[in-house]
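Have a look at the structure below, then the notes.
The values are calculated or read from the model by the stated rules, or taken from the named source; none is laboratory data. Everything numeric in this text was worked out from a predicted model, so none of it was measured. Positions of Cβ are backbone-derived with ideal geometry, glycine not excepted, and every protein chain shown enters the neighbour counts.
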Amino acid sequence: MTGKKAVTLFVPCLVDAFRPEAAEAVVAVFERLGVAVGYPEGQTCCGQPAFNAGYRDEARRAARRFLRLFAAAEAVVCPSGSCVAMVRHHYPALFEEEPDWRELARRTAARTFEFTEYLVDVLGAEDLGASFAGRVTYHDSCHLLRGLGVRLQPRRLLRRVKGLEFVEMKNADCCCGFGGAFSVKYPDISTALVADKIAWIQESGAEAVVGGDLGCLLNIEGALRRRGLPIRALHIAQVLAGERFSREGARP
Amino acid sequence: MSGVRTERYVEEARRGIADPVLRRALSGLQERFGRGTAEAYRRLPEGPGLRQTAHAIREKAIANLDLLLERLAARIRGNGGEVFFAATAAEAVSYGAEVARRRGVKLAVKGKSMVTEEIGLNPVLAAQGVEVVETDLGEYIIQLAGETPSHIIAPAIHKTRNEVAELFVQKLGIPHTTDPPRLTHAARRALREKFLAADLGISGVNLACAETGHISTVSNEGNIRMATTLPRVHIAFMGMERVVARLDEYEILLRLLCRGASVQDIGTYVSFIGGPRRPEETDGPEEFHLVVVDNGRSRMLADPRFREMLSCIRCAACLNVCPVYGRIGGHAYGFAYSGPVGAVVTPLLTGVRRGRDLCLGETLCGACKDACSMDIDLPRMLLELRALLAAGDASWGVEPTGGLEGRAWKLWAGLVSHPGLYEGLLRAAALLQRLLPHGGAGWIRRLPPPFSGWTQSRDFPPVARETFRARWAKRRQEAGRG
Amino acid sequence: MAEGRGERLFFETLRRALGRPPQATRPAEDLFPQEPSAQDLRLLAAVSGRSEREREELVARLFAAAAPLHLQVEAVAGFASAREIVLRLVAEKTPEWGGEKQLVAWRHPLIEGLGLTEPLARQGIPLWITHPLDPGLAPEAAAEERRRQRSRIAASFIGVTTADFCLAETATVVLRSRPGEPRSVALLPSIHIALVRRGQILADMKELFALLRWEERFRGEGLSPYLSFISGPSKTADIEATMVHGAHGPREMYLLILPDETPDAPHGRPAQTPSSPEAGAA
């Protein structure tokens, strides 16, 4: 690597509101790697919830805001597969009929990376010097896996964490049933999906399930907690940044 | 079109989820086929990229559909066959019914055909006194049970051997057995009589080739070969999009069809039919009719958002990987087509507003796209359907959703555009959430409507007292002071 | 059926949906090439230039593909050993639907070469040989003859056919229907035996379609009007996903591969093989 890298952080709305320590963990990882981290204030949401619900004008409003905020960024890094998939795949389509915005969307799409993808593919970093005691399994979130094709990167990173015993669960790539508004509007189907996911996590014998999309993790953790199961659901950044970020006490 | 029950998606899904037998059957099916399909694509000599080649072949075929259909029809007519172009389901059905009437048909044997389910052929034939027998074993079972198919390739996946045993004892008068080979043999015997006595054979079309002027059918059981060989009249029904220009292109599609449908290199029987038997032949139908069905397909063709759906060859690979289909089963989709393909094609054929739950009731996980033998972007079209519902669309006769939902999203857009307001709301939520029943670490036990669906089975996370935005601001302040 | 108003409207709607002028049609030569492509020529060359060793490999591939399909393949040395296999099956197997043992076979030199008539006659087992319909027959007489042939086919527990081609890759036999070679002989009897010459084995569908599209000898007949691929016995997994052979079609299938030259042939006539065009003229 030549020259100091700088990343501009986009913190997804769910992380911001429900798991800020995951974003802090991302910052910590980059700082340890000597990568400068910028965080444009005034960021909110990439627009994905509205887009998935079919409300494209509303999604475009959020997208314009995002594009303006990140127009100057060298690399936008985001700890969420689905937000990056939104920017990478859907932004250019959203502005199909507005050439200026479309151009900006394309440029931004090419510079936006998911956290683990950026670490492994761009920085070439795998051993981050982290340690974590316990058996961990990984849940492939749909948009990270199928939308961005990120499968090996998080696994490589996890395998280099000291003390961490990595186990694959059955059907790691099967949807957990989150699906945004789907989880609220179609609770029976969503519940059936997460129930299976939980069973597979349990079968794996893992003490923690790790993933790259907080939506899935909250869905999984919500179901784990309802069942009173002592399995934790952690964002991968929390594991990679060191134990301080994955402790229950990390919450303010 | 009769028998559309798309508005009962939620209710039927709940019923499917609650049925342990169905769940077991579906998970078995998905475990066998889901992974196997991906593996079968990888093992193709051309690699999984052949799906993209197939996609291009289908796109070209659809873009030249008029020319391909003209060529196909001219060839079949040249061989003495008859071709009828039906604009609607009603036209297609009445053509078939008329042929049956003219030829004095009493008994018709049918090979599995989704398009005849779509157009509602059986009830009309039955009403004019024709006994219509489904001959695919799975279809036969559900016909005896008075049900509808729940999977395109494995229609009776929801039936256990015990249920089949009961049914056969009752309807075929056989001694009780739950042994699949014996049950199969009982059906073989009963259906053989039907095949030999039938006046009319009805089939669908898996793929047609314009260059040579053939339709083709694929089956493992041999029922379609029976139904198209033994009766004196054969009528084949085909969705107008199921044609491809050339035999070399057909070859690629057939290989992908067999892999996508059942992880096979090839189905046991593939028959190419280009017309009736020749005068010196001793068997084969003396009359051959091809009914080409539009029934709403031209509307999809005209809309660039949905034209891609016409590339579908109904292999059902998407059903075998769809996590939602795997939990709710095929009946929830309320029409002939189930799973991801049904979620897109059914609303487009039978009404988008009516089928809104099919458009919205998926997680957009994308497994269907990866499994699709024709590499069709099904999630993209689900998103288009959702956009169409939200904003309305005159060409599809859909009013905008509007109402509370529409206003809520406008409000949302306002919030995310005003970070101050947005942050304020999060702070308010962080305070107010304490009023809700909560458990460990502040996780909420019960949310009020319209969010109560989440807490039906899951705790909901509390909003952090300090968002990342707030923490970052604080950190910068500290850094500034330091 | 004449092309009526409905059909015109159908195509008008279709063209409008395609964004074309509703009445306009255009030449379609670009969609249906008149000359073989480079790929087609490569395939044709592969078929005609196949070496002895490559042919052996194809046989091996055929065996490998057939095994999981329950298709029993035997490479026999000549007619005598093929006959032995057929007679053994006749002796060992019982008719599925009861009744006396009867066989039905296409009238074809390769099947005549087996010399089944005499040994079966000695055992009192009828062997029905199919034949084309006399075009001069009155309609009722033709219908009667068709009925007679069909009831014999349906009553036979073994049906013997040849095949036009065999595809090694998928263990597929390719049957084109011709007068005198009824489709149902490979369908109604419980056991189907197919006989081919080794030279009739192609690698795969690609080669087959290249031949059917571009090789003069096959082009005329094309696929018309009926052609079928059969890859093993009939099967189903519709009851609890349990595989059962013999759903509607034959429950057992045998493929006997004869060498291209069979000195014990009664007529000494080699089969017409795609890889040796001169043989067809012999």
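Summary table below
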item	result
Strands (runs of 3 or more DSSP E) contained entirely in the range B:202-285, each with at least 1 residues that are within 7 Å of chain C (Cβ to nearest Cβ) and surrounded by 24 or more Cβ atoms within 10 Å (Cβ to Cβ)	B:214-219, B:269-273
Close pairs from the range A:201-217: first of a type in the set (D, E, K, R), partner in a loop (DSSP other than H, G, I, E, B), Cβ under 6 Å, at least 6 apart	A:213/A:80; A:213/A:141
Top-ranked residue of the range A:179-189 - restricted to ones that are farther than 15 Å from residue B:9 by Cα, within 7 Å of chain B (Cβ to nearest Cβ) and not β-branched (Val, Ile, Thr), ranked as nearest to the chain's Cα centre (by Cα)	A:179
Filter pass, residue C:136 being touching a residue at least 12 places away in the same chain (Cβ under 8 Å) and either surrounded by fewer than 17 Cβ atoms within 10 Å (Cβ to Cβ) or within 17 Å of the chain's Cα centre (by Cα) (or both)	no
Enumeration of residues in the range A:136-151 that are more than 11 Å from chain B (Cβ to nearest Cβ) and without any contact (Cβ under 8 Å) to a residue 24 or more places away in the chain	A:151
Residue B:131 being closer than 19 Å to residue B:237 by Cα and surrounded by fewer than 22 Cβ atoms within 10 Å (Cβ to Cβ)	yes
Single unsatisfied condition, residue B:370 versus (1) away from every other protein chain (no Cβ under 12 Å); (2) closer than 21 Å to residue B:55 by Cα; (3) not in a loop (DSSP other than H, G, I, E, B)	(1)
Yes/no for residue B:308 being touching a Gly at 6+ places or on another chain (Cβ under 9 Å), acidic (Asp, Glu) and either in contact (Cβ under 8 Å) with a residue 24 or more places away in the chain or away from chain A (no Cβ under 14 Å) (or both)	no
Residue within the range C:208-220 that is among the small types (Gly, Ala, Ser) and either part of a loop (DSSP other than H, G, I, E, B) or facing chain B (nearest Cβ under 7 Å) (or both) present	yes
All positions within the range A:63-80 that are within 11 Å of chain B (Cβ to nearest Cβ) and within 27 Å of residue B:365 (Cα to Cα)	A:63, A:64, A:65, A:66, A:79
Out of C:125, C:153, sole residue that is surrounded by 15 or more Cβ atoms within 10 Å (Cβ to Cβ), modelled with pLDDT of 95 or more and part of a loop (DSSP other than H, G, I, E, B)	C:125
Residue in the range B:25-39 that is surrounded by the fewest Cβ atoms within 10 Å (Cβ to Cβ), counting only those that are farther than 10 Å from residue B:321 by Cβ and facing chain C (nearest Cβ under 10 Å)	B:28
Any helices (runs of 4 or more DSSP H) falling wholly within the range A:136-252 and containing at least 3 residues that are of a type in the set (Gly, Ala, Ser), at pLDDT 95 or above and surrounded by fewer than 23 Cβ atoms within 10 Å (Cβ to Cβ)	A:187-204
Residue list for the range C:222-264, filter: part of a loop (DSSP other than H, G, I, E, B), within 30 Å of residue B:248 (Cβ to Cβ) and in contact (Cβ under 8 Å) with a residue 40 or more places away in the chain	C:223, C:225, C:231, C:232, C:233, C:249, C:260
Helices (runs of 4 or more DSSP H) completely within the range A:11-63 that count 2 or more residues being within 17 Å of the chain's Cα centre (by Cα) and over 30 Å from residue B:357 (Cα atoms)	A:20-32
Residue in the range C:32-51 that is over 30 Å from residue C:260 (Cβ atoms), within 8 Å of chain B (Cβ to nearest Cβ) and surrounded by 12 or more Cβ atoms within 10 Å (Cβ to Cβ) present	yes
Residues that are facing chain B (nearest Cβ under 10 Å), over 15 Å from residue A:76 (Cβ atoms) and in contact with a His (Cβ under 8 Å, 6 or more places away or on another chain), drawn from the range A:13-47	A:19, A:22
Filter result (among the small types (Gly, Ala, Ser) and within 24 Å of residue B:63 (Cα to Cα)) within the range C:25-73	C:28, C:37
Residue within the range B:381-397 that is in contact with a Gly (Cβ under 8 Å, 6 or more places away or on another chain), within 21 Å of residue A:18 (Cα to Cα) and at pLDDT 95 or above present	no
Residue check for residue B:112: within 10 Å of chain C (Cβ to nearest Cβ), of a type in the set (Lys, Arg), part of a loop (DSSP other than H, G, I, E, B) and buried (at least 21 other Cβ atoms within 10 Å of the Cβ)	no
Test: residue in the range B:381-396 that is farther than 24 Å from residue B:51 by Cβ, out of contact with any Lys or Arg (no Cβ under 9 Å at 6 or more places or on another chain) and outside any helix (DSSP H, G or I)	yes
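Each row is one residue, and each column tells you yes or no for (1) surrounded by 14 or more Cβ atoms within 10 Å (Cβ to Cβ); (2) within 44 Å of the chain's Cα centre (by Cα).
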site: B:383; (1), (2): yes, yes
site: B:416; (1), (2): yes, yes
site: B:449; (1), (2): no, yes
site: B:470; (1), (2): yes, no
